[in-house]
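Novice: So that we are looking at the same thing, I have put the structure below in structure tokens.
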Amino acid sequence: MRVLVGTTNPGKLREILHILADIPGIEWLTPRDIPCPEVAETGATLTSNAILKARTIAAATGYPTLAEDSGLEVDALDGAPGVHSARYAGELADHAANNRKLLAALADTSERRARFRAVAVLALPDGRFWTAEGFLNGQIAREPRGGGGFGYDPLFIPAGETRTLAELGLEEKDTLSHRRRALDGLRPVLAALARSG
Ligand code: ITT
């Protein structure tokens, strides 16, 4: 079975392919193989955006599509940047600008608790879909550390760790991440669809 991973984010794409590579019978396609429509993330929640992305891309391409919406929820900021994590510092902001804005917003507080959340959705071209959610608790570091990962990884220290996600490296991040936990929830349905051809 061919399954399209519908994401424009290269860091996410690498992690999704790495996490799900061991499911037998699936040939993974990416937006490099199949042109995907751009989907405006107009939903108010991670779940509604993930469903919107997966269903729109599956309907447009004719391929079963896996999409994911994720974000960072910071307690001292009442859950921000949340669903707006990719564009926290503005529409054209890069990861470094988002990280700078987050550090500035937390400059005066020792309350550093936060969590990453991911909602993964598998949609079929006929409109059926399945969702799964995962999260990872942790805290926001005082300055960026590490060269791995993407996005807020240099600032995020998982609970029980001293290193940031960017210091852990891909192998270790993928054993514990919010994305790993969400994607694990879709494993049974992916495996069943692959078995049925
Ligand atoms: P697609 O919609 O095309 O998948 P995107 O980057 O716009 O790509 P989202 O709208 O889901 O994806 O935004 C997720 C943002 O949340 C992402 O750009 C990062 O800023 C942050 N984020 C999510 N997961 C992360 C992770 O594992 N490590 C670091 N930052 C993460």
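Novice: Arranged from highest to lowest average of other beta-carbon atoms within 10 Å per residue, in what order do the peptides 75-86, 164-175 appear? Can you show the working numbers first?
Specialist: Values: 75-86: 16.2, 164-175: 18.2.
Those peptides, ordered most packed to least, come out 164-175, 75-86.
Novice: Sequence gap at least 6, Cα distance under 8 Å: using those rules, report the relative contact order of the chain to the nearest whole percent.
Specialist: Value for the chain: 21 percent.
Novice: Enter the mean projected area of the convex hull around the alpha-carbon atoms of the chain, in nm², rounded to one decimal.
Specialist: 10.5
Novice: Sequence neighbours fewer than 8 away in the same chain don't count; with that in mind, list the aspartates and glutamates whose C-alpha is under 15 Å from Lys173.
Specialist: Qualifying aspartates and glutamates at Cα under 15 Å: Glu15, Asp153, Glu161, Asp184.
Novice: Taking Rh as the Kirkwood radius computed over C-alpha pairs, what is the Stokes-Einstein D of the stretch 78-149 at 4 °C in a medium of viscosity 1.567 mPa s, expressed in µm² per second? Present the calculation step by step, with values, prior to reporting the outcome.
Specialist: Numbers: Rh = 14.5 Å.
In µm²/s, the coefficient is 89.
Novice: Where does the chain land at 222 nm, in deg cm²/dmol rounded to the nearest 500, when only DSSP H runs of n ≥ 4 count, each adding -39500 (n - 2.57), divided by all residues?
Specialist: Calculated from helices alone, the mean residue ellipticity at 222 nm is -10500 deg cm²/dmol.
Novice: Once Rh is set to the Kirkwood radius over Cα pairs, what Stokes-Einstein translational diffusion coefficient, in µm²/s, holds for the stretch 1-70 at a temperature of 10 °C and a viscosity of 1.306 mPa s?
Specialist: My calculation gives 129 µm²/s for D.
FYI, it's all coordinate maths here, none of it is from the lab. Just so we're clear, the structure is a prediction, and the values are computed from it rather than from any experiment. Here the Cβ is made from the backbone with ideal geometry for all residues, glycine too, and neighbour counts use every protein chain on show.
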